[in-house]
Amino acid sequence: MQHGEKIVLEGNRRLAALRLLSDESLRRKLRVPLPDVADPKPPPTSVRVKWVNSRTDARAFIGFKHINGPLKWDALAKARFAAEWFEDGGDIAAISRTLGDSHNTVRRLVNGWYALTQASEDGFDREDRSKPRFAFSHLYTALTRASVREFLGLTPENLTAPPRPKPIPPENRDRLQTLMSWLYGQERRGEPTLIQSQNPNLNQLSDVLGNSEAQQMLLAKRDLQAAFERVEPPSSRFSDALMKAAKQCEDAMAVSGAYDGDPTLYRVATNMNETTRGLVVVMREKARGKGE
């Protein structure tokens, strides 16, 4: 926030609040009403400030406050701070010490910020995402996966090299837009996110991009589960389905006392019983075969 010839680098909301409290015409202009207070106190006529000569001089103070103070930054705010400091000549080691993160973590944050900035410049709308919260970790984690990096045209050396703005090669800018849409969605284009949760969906996306047939299916149909079936071993699908079914049966048994005698539900349970018997027969034969 800029005030006169000075720029407020920290505490801009507090300064804005003080100005509104002390300036009725400004409140009217901005349509900001004040609540009724029985015994209002006059606003302060002066506030203490810490003067610095440049943004660089303020960075250590601001970083320490938001890492160790009462208002801690989320990953996106931390990434932006680290990237701006890095662009001004900051050293990754010094930034890491201020943020309290490892070198690798800071490098991942900065790389993620640069990719997000590049995607935004090319048309990705962060506010048009499918979910209320912008999960920045989806992006900077995805950028460490070999299959995602290959999809975007990033070489293995990019992972350990110093971060650089616009990291995605120009010929793969469309692929970056596609990846961002998969990760976050673009609702106005009718493109919901494919990532309901980082685990397992981000791992599934990484596996799909590592398989050319599955990748083409994902690009054509935008169906992560269908594409993942091309790379997931059938044995894994069977194991997952069996464990989920067992858990759901246990949940139903736990509340079976609430059954009200509905004959339709009784038939469902009877069919489940028959299905389970058949499943046990198949598994028993397989188990016996292995034991021979």
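The values are calculated or read from the model by the stated rules, or taken from the named source; none is laboratory data. What you see is a predicted model, and the numbers here were worked out from it, not measured in a lab. In this analysis, Cβ positions are derived from the backbone assuming ideal geometry, glycine residues included, and neighbour counts consider all displayed protein chains.
What number goes with the only condition from (1) surrounded by 16 or more Cβ atoms within 10 Å (Cβ to Cβ); (2) among the hydroxyl-bearing types (Ser, Thr, Tyr); (3) more than 16 Å from Leu205 (Cα to Cα); (4) modelled with pLDDT of 95 or more that Ser120 does not pass?
Every condition holds for Ser120 apart from (1).
Restricting to region 258-273, name every residue that is outside any helix (DSSP H, G or I) and of a type outside the set (Phe, Trp, Tyr). Spell out how you get there, then give the answer.
First, pick out the residues of region 258-273 that are outside any helix (DSSP H, G or I): 259-262.
Within region 258-273, Asp260, Gly261, Asp262 meet the criteria.
Ser25 - would you say it is over 30 Å from Thr98 (Cα atoms), surrounded by fewer than 12 Cβ atoms within 10 Å (Cβ to Cβ), without any contact (Cβ under 8 Å) to a residue 40 or more places away in the chain and of a type in the set (Gly, Ala, Ser)?
yes
Which pairs do you get when a residue that is farther than 16 Å from Leu279 by Cβ, found in region 240-268, comes within reach of a residue that is in a helix (DSSP H, G or I), reach meaning Cβ atoms under 7 angstrom, with the pair 6+ apart or on two chains?
Tyr259/Leu265
When you check Arg288 against the structure, is it in contact with an Asp or Glu (Cβ under 8 Å, 6 or more places away or on another chain) and exposed (fewer than 13 other Cβ atoms within 10 Å of the Cβ), yes or no?
Values: in contact with an Asp or Glu (Cβ under 8 Å, 6 or more places away or on another chain): no; exposed (fewer than 13 other Cβ atoms within 10 Å of the Cβ): yes.
For Arg288, the condition - in contact with an Asp or Glu (Cβ under 8 Å, 6 or more places away or on another chain) and exposed (fewer than 13 other Cβ atoms within 10 Å of the Cβ) - is not met.
Just to be sure before I move on: is Asn158 under 24 Å from the mean Cα position of the chain (by Cα) and either more than 30 Å from Asp88 (Cβ to Cβ) or modelled with pLDDT of 95 or more (or both) in the structure I sent?
When the stated conditions are applied, Asn158 does not pass them.
So which residues in region 31-46 are surrounded by 11 or more Cβ atoms within 10 Å (Cβ to Cβ) and at pLDDT 85 or above, if there are any at all?
Val32 - this is the single residue of region 31-46 that is surrounded by 11 or more Cβ atoms within 10 Å (Cβ to Cβ) and at pLDDT 85 or above.
Under 6 Å by Cβ, and 6 or more places apart or on different chains, what pairs join a residue from region 194-214 that is over 21 Å from Arg129 (Cβ atoms) and assigned to a helix (DSSP H, G or I) with one that is aliphatic (A, V, I, L, M) and modelled with pLDDT under 95?
From region 194-214, the pairs are Asp207/Val231; Ala214/Val231.
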